[in-house]
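Just below is one structure, and these are the notes that go with it.
The values are calculated or read from the model by the stated rules, or taken from the named source; none is laboratory data. Source: prediction; values computed, not measured. All Cβ positions, even for glycine, are placed from backbone atoms using ideal geometry, and neighbour counts span all protein chains on display.
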Amino acid sequence: MSAKDAVALVAGAAILVALANHSAESTPAVTAASPLGNASGTLPGLAPITSSEDKARARAIIAKVKTKGRGPSTGYSRSRYGENWADTATGVPYARNGCRTRDDLLARDGRDVRYRKGSTCEVVALRLEDPYTGQMIDWSKRHAAEIQVDHVVPLAYAWRMGSSRWPRSKRVDFANDPLNLLPVKGSANEQKEASGPASWLPPRRRVRCAYVTRFAQVAVKYGVPVTPADKKAMLAQCR
């Protein structure tokens, strides 16, 4: 081998090492999904809805939501929707895959997701861009409550709007449907509680139309009506 060939070989090897290191260190960005193209709920986060055409489509979805007055919360408890983060739902993405719904959602929306050693399900660390505030959260299971999985249409809200009369199996599906679930900053979820859009919207204004559109998609899918005030607030976010 000539000296010239040896130099070329070393240079080529250095390029391959650099490319390999770049590949190992780079994590693909998680691209948030517009609710307009995410009716299954299998894509992460909330992408802002900004164009006039997309806002018109969003209003058309919201227009399909029925309205009624809010009923009583008599008889409500979280257990009415089945085991917490059950894997027993039917007909929804991730159902019966052997992993808890919460872990499925953390893996869906997180970056740099890490699992417990020996597990392909249990998420123990990740980075999350909170869709409600826009903050980047470095999370580990030691501080589990820092990220909570929000029901976009809250379970207690749905109960007061008619889910108390559903079969239990439908409530289990509703509680574990990825379309209705978003990992978010814990304090934002706690502030929201069981509110509808007239009482609470994400602090991050640019995703409010996307949020209420997702709210409407879930409401239409499961036949959950909203209060007239909530529907008015939803339409106002997508003008």
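What number of residues within the stretch 201-234 are hydrophobic (A, V, I, L, M, F, W, C), crowded, with 17+ Cβ neighbours inside 10 Å and either out of contact with any Leu (no Cβ under 7 Å at 6 or more places or on another chain) or free of Cβ contacts under 8 Å to residues at least 40 places away in the same chain (or both)?
Count: 10.
Here's a check for you: in the stretch 9-37, which residue that is assigned to a helix (DSSP H, G or I) and of a type outside the set (A, V, I, L, M) is modelled with the highest pLDDT?
Result: Pro35.
How many of the residues in the stretch 40-73 are within 19 Å of Val224 (Cβ to Cβ) and free of Cβ contacts under 8 Å to residues at least 12 places away in the same chain?
Total meeting the criteria: 1.
Condition (residue is modelled with pLDDT of 95 or more and assigned to a loop (DSSP other than H, G, I, E, B)) applied to the stretch 179-191: is it met by at least one residue?
no
Looking at Ser73, Ser40, which is the one that is in a loop (DSSP other than H, G, I, E, B), of a type in the set (Ser, Thr, Tyr) and in contact with a Lys or Arg (Cβ under 6 Å, 6 or more places away or on another chain)?
Going through Ser73, Ser40 in turn, just one is in a loop (DSSP other than H, G, I, E, B), of a type in the set (Ser, Thr, Tyr) and in contact with a Lys or Arg (Cβ under 6 Å, 6 or more places away or on another chain): Ser73.
Working carefully through the options Gly37, Gly71, find the one that is surrounded by fewer than 19 Cβ atoms within 10 Å (Cβ to Cβ) and within 18 Å of the chain's Cα centre (by Cα).
Of Gly37, Gly71, the one residue that is surrounded by fewer than 19 Cβ atoms within 10 Å (Cβ to Cβ) and within 18 Å of the chain's Cα centre (by Cα) is Gly37.
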